1. Suppose we keep only residues that are within 10 Å of the ligand (Cβ to nearest atom) and over 15 Å from the mean Cα position of the chain (by Cα) within segment 23-36. Which one would you say is nearest to Lys85 (Cα to Cα)?
2. Which residue pairs have Cβ atoms under 6 Å apart, sit 6 or more places apart or on different chains, and have a first residue in segment 232-244 that is closer than 15 Å to Asn67 by Cβ and a second that is among the polar types (S, T, N, Q)?
3. What are the residues in segment 103-114 that are near the ligand (Cβ under 9 Å from one of its atoms) and over 14 Å from Leu71 (Cβ atoms), if any?
4. Can you tell me which residue in segment 201-237 is surrounded by the most Cβ atoms within 10 Å (Cβ to Cβ), limited to those that are on the phi > 0 side of the Ramachandran plot and small (Gly, Ala, Ser)?
5. Looking only at residues that are in a helix (DSSP H, G or I) and within 11 Å of the ligand (Cβ to nearest atom) in segment 59-88, which one is surrounded by the most Cβ atoms within 10 Å (Cβ to Cβ)?
6. Across segment 43-58, which residue is farthest from the ligand (Cβ to nearest atom) among those that are under 26 Å from Gln214 (Cα atoms) and among the hydrophobic types (A, V, I, L, M, F, W, C)?
7. Pairs needed: first member in segment 98-114, more than 17 Å from Leu149 (Cβ to Cβ) and touching a residue at least 12 places away in the same chain (Cβ under 8 Å); second member anywhere, within 13 Å of the ligand (Cβ to nearest atom) and assigned to a helix (DSSP H, G or I); C-beta distance under 7 Å; at least 6 residues apart or different chains.
8. Quick test for you: out of Leu187, Leu198, pick the one residue that is on the phi < 0 side of the Ramachandran plot, touching a helix residue (DSSP H, G or I) at 6+ places or on another chain (Cβ under 7 Å) and surrounded by 13 or more Cβ atoms within 10 Å (Cβ to Cβ).
Amino acid sequence: MSKWMPFFNKNEKEIQTEKIDNVPNHVAIIMDGNGRWASERGLPRIAGHKEGMEVVRRIVKEAVEQNIKVLTLYAFSTENWKRPKREIDFLMRLPIEFSNKYLPEMIENNVRIKTIGEFDSLPAHTKRSISHAKEKTKQNDGLLLNFALNYGSRDEIVRATKQVIQDVHDGTIAETDIDEAVIAKYLYTEDVPDPDLLIRTSGEHRLSNFLLWQLAYAEFWFTDVMWPDFNEQIFLDALKDYQKRKRRYGGI
Ligand code: V07
């Protein structure tokens, strides 16, 4: 049963916080619809990305309150390099802006920041600010906030495969030892448990090269709401829906 705890925030306005039982340990989100949200309002696409970043902050806060252990957010895919240069330049500054604005709040909330994806080919200024955020939060043991940045699942599997072959060749591992657990260790998500729940916004029902291996047993939840309009209440709707589902992991 969920408990309702009314309290007053700084603006003296009563708000409700709702604690949900059986929350997923790990929630992954495809934050789709930022560009469309902006275009529909006659704004440049980057305005949608900026608004989307503010939603990230709110959902991180809610995830902390719900005691979720891992939140993985698809921020930039390996395919996103095909976008116009100006849009890419703007996107690559968002980690910097996020850190400048919200790093103190992340630290206060005991959030640890991590990324998955091909890190080295990101712009130097982006890498610097992310490395700083990781360094400042590495001791935190609350929510793991995992940004998928320059991430592509097939690329991840290709890299893992090459490394496995290399290690077999070097004698670091024996071919006969290779099993699912070993393969999982070669992925970017090496120490992170698989997502229990995948949320995708903006009405698309695709994986778009996101966590193909890791989502094998996840529950999927979709909404037509575009990411800049996503909020705590809709997030709780997804968590409550997850709570009702029976997971079988292929068994009966
Ligand atoms: C990005 C905002 C959310 C909507 C989807 C795309 C745009 C936060 C970050 C971020 C990444 C790493 C980090 C701190 C913050 C981010 C990109 C895009 C590329 F350490 N939001 N956000 N990075 N968007």
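Just so you know, all these numbers are worked out from the coordinates, no wet-lab data involved. Note that the structure is predicted; figures quoted are calculated from it, not measured. Please note: Cβ atoms are built from the backbone with ideal geometry, for glycine as well, and neighbour counts cover all protein chains shown.
1. Gly35
2. If the second residue must be among the polar types (S, T, N, Q), the pairs left are Gln243/Asn22.
3. Leu103
4. Ser202
5. Ile59
6. Once the filter is applied, the top-ranked residue is Val55.
7. As it stands, the answer is Ile107/Lys136; Ile107/Thr137, since those pairs meet every condition given.
8. Answer to the check: Leu187.
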